[in-house]
Amino acid sequence: MHDPKQIQDEMIDSFSLFSEWLERYQYLIDLGRKLPPLDDAEKTDEQLLAGCQSQVWLLLEGDAGQVTIRANSDAAIVSGLIALLIQVYSGCTARQIVETEPYFIHEIGLSDHLSLTRANGLHAMLGAIKGHAQGLLTP
C-alpha cells in the first residue's frame, strides 16, 4: 500500500545528504528531468494549471480508491517540485491525499528557499491535487 508519510520521510533523508542549497536545487532539477513526458495531445488548456508562472500541465486520473498524477512543466525547478508531489501523492487514495499534509516542504527547506512565484505555483499544484481528491470523496 502507498504510504505517503514513509515517502516523505525518505525524501527528507535524501535531501539531507546535500549540505548546500545549490546541490539541493540540482537534485530537484534532476528529479524533474526524470518525469515521463506528456503527449502533446495531453497538454491542453483544460490541463493547464492556473496560478503558476510557468506552464504546468496536471492530469489527475483514477477514482477515490487510487488517484494517479501525471504532470509536466516547461520550467526545470517546477518540474522537480512536480516530481516530489507525484512521489508523495500519486497512487494514494483520495482520503490519504486529503488527510496527508506535505510536511516535507518545510522539512527539506523548500518553504525558505523557493521564490514567491515558485512557492505560489507549488501551493497551486497542491491545491489542485487536494481539491480533486476532495471532489472524489464528495458525492
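What follows draws every value from the coordinates through simple rules; no lab data is involved. Quantities reported herein were computed from a predicted structural model and do not represent experimental measurements. Counting neighbours? That spans all protein chains shown, and the Cβs are built from the backbone with ideal geometry, glycine included.
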Next item on the list: Enumerate the aspartates and glutamates that LYS34 could reach by cross-link, defined here as Cα to Cα under 14 Å, with residues fewer than 8 away along the same chain left out.
Entry: ASP74
Next item on the list: Under 17 Å from a label point 7 Å along Cα→Cβ of LEU137: give me every residue in the range 84-108 with its amide N that close.
Entry: 89-103
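For the chain, report the convex hull volume of the alpha-carbon atoms normalised per residue, in Å³, without decimals. Let's see the in-between values first.
Details: hull volume 14.5 nm³, N = 139.
With only Cα atoms used, the chain gives 105 Å³ per residue.
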Checklist line | Sequence of THR68, THR44, THR93, THR138 once ranked by neighbouring C-beta atoms within 10 Å, starting from the fewest | finding: THR138, THR44, THR68, THR93
Next item on the list: Please identify which residues in the range 113-139 have an amide N closer than 17 Å to a label point set 7 Å out from the Cα of ALA64, following the Cα→Cβ vector.
Entry: 130-139
Note to self: Test of understanding: extend the Cα→C-beta vector of ASN120 to 7 Å, then name every residue of the range 22-55 with backbone N under 15 Å from that spot.
What the structure shows: 49-55
